[in-house]
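Here's the structure, in structure tokens; my notes come after.
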Amino acid sequence: MTRKVAFFLMALCLTVLAGTAEAEERISGTVTSIDLETNTVVVSAFEGRKVTITVSADDTATLKKLKKGLIKVDDTVKVRYITKDGKNVATYFKKPAGC
């Protein structure tokens with residue numbers, strides 16, 4: 001009996017955790033616009049879609065690069081993001097190595 005209860009609780013925990021996990025998306029493309037007031041960057045993917053990415057205030061490294069012009073319009077970037085509260089929030093935002 002206790003094995004069945006333990007199995008049920010483990011399965012329940014895994015189901016709950018799987019439901020709260022946020023899927024991380026990836027995009028590679030060209031920066032088409034930067035808005036420093038809202039910390040958003042529009043990336044035009046190589047396959048044609050455009051995605052608006054929000055850079056979190058916690059990501060000070062990326063924000064500094066944007067403000068200093070180290071990442072600018074027409075640069076190629078690789079971005080990973082999660083959708084949170086209706087916004088695509090960057091978890092990784094870099095220029096590819098060698099560029």
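Values computed for the structure shown
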| item | result |
| --- | --- |
| Inter-residue pairs, beta-carbon under 9 Å, first on the phi < 0 side of the Ramachandran plot and in the range 46-58, second among the basic types (Lys, Arg), 6+ apart | Thr52/Lys87; Ile53/Lys87; Thr54/Lys84; Thr54/Lys87 |
| Hits in the range 61-89 - residues which are of a type in the set (A, V, I, L, M, F, W, C), in contact (Cβ under 8 Å) with a residue 40 or more places away in the chain, surrounded by 15 or more Cβ atoms within 10 Å (Cβ to Cβ) and in a strand (DSSP E or B) | Val77, Val79 |
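Laboratory data are not the source of any read-out in this text; all were calculated from the coordinates shown. Because the structure is a prediction, the values reported are computed rather than measured. Heads up, the Cβs are rebuilt from the backbone with ideal geometry, glycines too, and the neighbour counts pull from every protein chain shown.
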